[in-house]
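See below for the structure under consideration.
The values are calculated or read from the model by the stated rules, or taken from the named source; none is laboratory data. Source: prediction; values computed, not measured. Here Cβ is always computed from backbone atoms with ideal geometry, including for glycine, and neighbour counts include all displayed protein chains. Note: areas computed on protein heavy atoms with side chains; ligands, DNA, RNA excluded. Shrake-Rupley method; radii C 1.70, N 1.55, O 1.52, S 1.80 Å.
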Amino acid sequence: MSSIPSTTATSSRTASLLRARIGTTKVLPYVAKSWERCLHRYGIEPDADRDTAVLGAESLRERQQRFGSLLDVARAEMENLYEQITGSGYAVILSDADAVVLSAITDPNVKREFRQAGLWLGAIWSEDREGTNGLGTCIAEGGPVMVYRDEHFRRYNATLACSGAPIHDVDGSVLAVLDASSAHAVDARPVQRHTMALVSMSANLIARCHFLDSFNDAWVLRFHSRAEFVGLLHEALLAVDEEGIVVAANESAMVQLGISSRARLVGQPVSSIFPFEIETLRQRASEAPGTLWPIRDIAYGRRFFAVARAPAGHVPRSVAVAATPSQPDAPSPPPARRHVGSDPRMQRNLNCGRQLFGRRVPLLLQGATGTGKEAFAKALHRASAWAERPFVAVNCAAIPESLIESELFGYTRGAFTDAAREGHVGKIRQASGGTLFLDEIGDMPLALQTRLLRVLEEHEIVPLGGSKAIPVDLHVISATYHDLLHMVQDGRFREDLYYRLNGITLHLPPLSERTDKRELIDTLLREECGDEAVPDIDPAAMDLLLGYAWPGNIRQLRNTLRTAAALCQDQTITADLLPPEIVEGEHAAQAAQETATPLRDAERDALIRELERMHWNISRTAETLGISRNTLYRKIRKHEIVLPD
Ligand SMILES: Nc1ncnc2c1ncn2[C@@H]1O[C@H](COP(=O)(O)OP(=O)(O)OP(=O)(O)O)[C@@H](O)[C@H]1O
């Protein structure tokens, strides 16, 4: 990258002012240090005009390629971060260790401002060129930095507010920087601090994925002093080779063990840190890969909880015993990609979800009704190493509160008066070894949240009426349309359970924002027609389908295509076979807004009428209305309709 000029001093008036401010209590120490570097080491001029250097397309591509699949992981996490700070005029930026911008997501409303501020793919934001800034100074300091407005050395950057956090490589060096910047900073510092915390968390998550991926072929000990943190963001990681020597340690491992130098861990036998040999690690990874194991370090005897991960390709003994023998002629499972569509956001979700879920990180899927949360969870299950084991879905909104406990946890013979004679295993035990999909987790009653948390922490379950704990091995995906964090803040959802379930949140886009609508229409129509001939869709009808807002998302699209295919006579779906709200489009939606109250009443009446007609059977009513059971339950709650006992 650029060589640092050996100039010593800059002489402008602004430079003198900055010099005078260095050392005053108003300037943060890392900002002062950076100004010193700018003034004395790089000799750059604060008042100079912008002259941002930008790499050519070929050099940029080379740098992006060096990141390989890590760029996909980072991109998915950037989307996630962007969702959390969206609406505040931010850009989320990823640079490499030379401060070259490799990837960026920018608020479309302020794209122009960011371009004027020099945010281009390939732009070089190193400190020796651009002065104090979120990317370059983060690299120079090797730690997170917040650079707010006139803390930027160059005057032309003084409208920016940047929060940059390093993504550490496996040897502790800075591999990349993740940054959230606002072009015209109006947010006060405390808001910036919140943004900084989010950026640091995301950077940590990317580094953790990178570590686990880099040591795919090693034994990995994952531990933390708090059992609930194992498998999550701040867990400590030690990669150990076949001889039992530690080959890498992440930042958290050093923090947890209270060691400031990596050299005291890397190259040492694991038996000098914990009182066991590599053979124990092998045994734990083979026989109980998901079970937490209490360990103590040799130096101070502090207690930690650990799980061991075997190298890729190693078949855990428990799975080897349980798996059904493979059938030589069985077709290989279809790639997960086909089940989620080709929309780039969904593909990024899939890449990130597969990597993390494959490493037992619990996932939280956030998306509106019908966006395909369950379908996506199934695709991840199919792509996992435990695809042969059960996928068990539990809809927390659809089961009456009084039944959730027994449905989930099961019960023993005679646990209560009308308990089935042979008892009931419960969904959690059914899912053991496979995937447990907790749909509408936000609707789980608080008391049961506590029980669920205990199961997830202790990896065992006591059925209703039972006294013996039964071990379970769970991989959990939860889904919600609620803002769970908001529910945590309101005290309606347990914070510890939220963090337990949310190794990472993946946002499923609404159908209207997906770029693969045509492909989805084609897939759904084929699925709906089964063995029968698939009709064509005429151009006018296709335009309507592509242009409609789809509030019920993919489920509504499926229902629409099913009806149209059933009605069509001459193998062509035409506009007159589509429902009026799709044909009338915007006008209908507008009219709906204007008559919100009468419409709401009409919806309530129609719901009650349909429920009565179906004798209050929720599944059948949902089916005739063409909506999911969840949506029906939500509507019932919205309209305060009381269900008969
Ligand atoms: N990629 C896809 N290709 C084809 N069909 C899909 C795809 N994703 C979802 N679907 C279909 O869309 C419908 C709704 O999907 P799903 O039940 O997974 O949504 P959801 O978000 O879990 O809904 P809810 O929140 O209401 O439970 C289903 O019929 C499913 O088969």
Contact list, first residue from segment 211-223 and under 20 Å from Ala176 (Cβ atoms), second anywhere and open to solvent by 50 Å² or more (accessible area, probe 1.4 Å) and of a type outside the set (Lys, Arg), beta-carbon distance below 8 Å, six or more apart or interchain, is Asp213/Ser69; Phe215/Val247; Asn216/Ala312
Considering only residues of segment 465-480 that are polar (S, T, N, Q) and surrounded by 14 or more Cβ atoms within 10 Å (Cβ to Cβ), which is farthest from the ligand (Cβ to nearest atom)?
Ser478
Against the definition (open to solvent by 10 Å² or more (accessible area, probe 1.4 Å), within 16 Å of the ligand (Cβ to nearest atom) and in contact (Cβ under 8 Å) with a residue 24 or more places away in the chain), how does Glu374 come out, yes or no?
yes
Restricting attention to segment 489-501, report how many residues are surrounded by fewer than 17 Cβ atoms within 10 Å (Cβ to Cβ) and farther than 14 Å from Pro362 by Cα.
5
Tell me, yes or no, whether segment 50-57 has at least one residue that is open to solvent by 60 Å² or more (accessible area, probe 1.4 Å), at pLDDT 90 or above and not in a helix (DSSP H, G or I).
yes
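Return the residues of segment 391-412 that are out of contact with any strand residue (DSSP E or B) (no Cβ under 9 Å at 6 or more places or on another chain) and either in contact (Cβ under 8 Å) with a residue 24 or more places away in the chain or outside the structural domain of Val455 (by TED's automatic domain parsing) (or both); say none if nothing qualifies. Before the answer, list the steps.
Here is the first cut: in segment 391-412, the residues out of contact with any strand residue (DSSP E or B) (no Cβ under 9 Å at 6 or more places or on another chain) are 399-403.
Once the filter is applied, which keeps residues that are out of contact with any strand residue (DSSP E or B) (no Cβ under 9 Å at 6 or more places or on another chain) and either in contact (Cβ under 8 Å) with a residue 24 or more places away in the chain or outside the structural domain of Val455 (by TED's automatic domain parsing) (or both), segment 391-412 yields only Glu401.
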Looking only at helices (runs of 4 or more DSSP H) that fall completely inside segment 589-645, which ones have 2 or more residues that are farther than 25 Å from Thr371 by Cα and at pLDDT 75 or above?
596-613
Here are some residues: Leu546, Leu520. Which one is part of a helix (DSSP H, G or I) and buried (at least 17 other Cβ atoms within 10 Å of the Cβ)?
Leu520
Check on Ile504, away from the ligand (no atom under 16 Å from the Cβ), open to solvent by less than 40 Å² (accessible area, probe 1.4 Å) and either under 36 Å from the mean Cα position of the chain (by Cα) or not assigned by TED's automatic domain parsing to the domain that holds Arg226 (or both):
yes
Search result, residues across segment 436-462 that are under 14 Å from Leu501 (Cβ atoms) and assigned to a strand (DSSP E or B):
Leu436, Phe437, Leu438, Asp439
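Does Ala123 count as in contact with a strand residue (DSSP E or B) (Cβ under 9 Å, 6 or more places away or on another chain) and open to solvent by 10 Å² or more (accessible area, probe 1.4 Å)?
Values: in contact with a strand residue (DSSP E or B) (Cβ under 9 Å, 6 or more places away or on another chain): yes; open to solvent by 10 Å² or more (accessible area, probe 1.4 Å): no.
Judged against the criteria, Ala123 is not a match.
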I'd like to know if segment 532-550 contains one or more residues that are touching a residue at least 12 places away in the same chain (Cβ under 8 Å), within 12 Å of Ile582 (Cβ to Cβ) and within 14 Å of the ligand (Cβ to nearest atom).
yes
Would you point out which residue out of Glu36, Glu79, Glu45 is under 15 Å from Asn157 (Cβ atoms) and open to solvent by 30 Å² or more (accessible area, probe 1.4 Å)?
Glu45
Quick one: which of Leu237, Leu233 is under 21 Å from Pro362 (Cα atoms), open to solvent by 10 Å² or more (accessible area, probe 1.4 Å) and touching a residue at least 24 places away in the same chain (Cβ under 8 Å)?
Leu233
What do you reckon, is Asp483 among the charged types (D, E, K, R), within 25 Å of Val199 (Cα to Cα) and away from the ligand (no atom under 11 Å from the Cβ)?
yes
If you go through segment 443-462 one residue at a time, do you hit one that is closer than 24 Å to Ala385 by Cβ, within 16 Å of the ligand (Cβ to nearest atom) and among the aliphatic types (A, V, I, L, M)?
no
